[in-house]
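The values are calculated or read from the model by the stated rules, or taken from the named source; none is laboratory data. Just so it is clear, the model here is predicted, and its values are computed rather than measured. Glycine gets a Cβ as well: all are built from the backbone with ideal geometry, and neighbour counts include every protein chain shown. In case anyone asks, the SASA skips ligands and DNA or RNA and just uses the protein heavy atoms, side chains included. Shrake-Rupley method; radii C 1.70, N 1.55, O 1.52, S 1.80 Å.
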Amino acid sequence: DNVPKMIEFAHRELGEKNIMLFFKDAALQNIVASVKWDGTVNTDWTNDYLMLVDANLGALKSDYFVDRSVNYEVDFTGEKPIATLTHTYKHRATYGDWRTSDYHSYLRAYIPKGSTLLERKLVGYPLTDEGFNKTYIGAFVDVVMSTEVPAMIKYQLPDTIKEEGYQLMLQKQSGVGTTPVSITIKKKDGSVITQSVELKKDLVLSFQEVEEKK
């Protein structure tokens, strides 16, 4: 009697990138890739893009106590488009034990290829490189138990990112769970567009509507 419930559960977890599949059989893997169940990073998107990837370096299970939220601002009022990314970590644990300690992460922010780092706060010395046809900024972030750290990275977007026809692809790190994301767009005329989403799966935002990637 539980089979339909299990199928529904598995389908939801696959769609929300909490399960990934890999087959050595190329035909099966092509089917998995066609429905985005393989966890791959998009390599052909040409508009604005953001994917945040944490790697827990503490060798424990502190991720259980870490809540994440993202604030992303793009400012088109200047000569070049400027993005300000704030990735906030809230560590809910109040004491350490055999599985929990302060949270030590190596964060990579995957952003449009050709972006240039301008400023950083509350992150370690950054490494900038390229991968998956993106620029990425990598840095260490430390979050003490019972504290909140708003890690900030400001960067200049490439000239290919325009106000006209602006879209943002958000890709979720597999297994992270739901992350609230707030987006603010400052247009050349001074007006502001805001949108908030729950990042449960990969999304494309046009600021007219939010389209879930199928």
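Taking the chain as a Gaussian network of alpha-carbon nodes connected by springs under 10 Å, the highest mean-square fluctuation of the residues GLN195, GLN173, GLN156 belongs to GLN195.
Here Cα Rg over 2.2 N^0.38 Å was computed from the coordinates, and among [x] 1.30; [y] 1.00; [z] 1.08 the match is [z]. Label sites at LEU118 and LYS61, each approximated as a point 7 angstrom past Cα along Cα to Cβ, lie 4.3 nm apart.
The slack between ASP44 and LEU127, meaning 0.36 nm per residue of separation minus the straight C-alpha distance, is 27.6 nm.
Within the assembled protein chains, the solvent-accessible surface assigned to THR84 is about 30 Å², based on a 1.4 Å probe. For the residues PHE23, PHE65, PHE76, a 1.4 Å probe over the protein chains yields an accessible-area ranking, largest first, of PHE23, PHE65, PHE76.
Here the label points at VAL35 and THR184, each 7 Å from Cα along the C-beta direction, are separated by 4.0 nm in the simple model.
In plain terms, the C-alpha convex hull of the stretch 137-214 casts an average shadow of 7.3 nm² when viewed from every direction. Across the chain, C-alpha contacts under 8 Å between residues 6 or more apart give a mean separation that, scaled by the residue count, equals a relative contact order of 24 percent. Put simply, the amide H of ASP48, placed in the peptide plane, has neighbours under 5 Å in GLN167, MET169, leaving out anything fewer than 5 places away on its chain. Full extension of the chain between GLU13 and TYR106 yields a length gain of 31.0 nm, computed as 0.36 nm times the residue separation minus the alpha carbon distance. Using the Cβ-Cβ distance between PHE22 and SER69 with R0 = 30 Å, the FRET efficiency computed as 1/(1 + (r/R0)^6) comes to roughly 0.50.
Note on TYR95: accessible area is roughly 150 Å² with a 1.4 Å probe, heavy atoms of protein only. Rounded to the nearest 500, the 222 nm mean residue ellipticity of the chain from helices alone is -3000 deg cm²/dmol, with -39,500 (n - 2.57) taken per DSSP H run of at least 4 residues.
Entry comment: accessible area of the chain is 56 Å² per residue, from protein heavy atoms only and a probe of 1.4 Å. The residues HIS104, HIS91, HIS11, sorted by heavy-atom accessible surface at 1.4 Å with ligands and nucleic acids left out, run HIS11, HIS104, HIS91 from largest to smallest.
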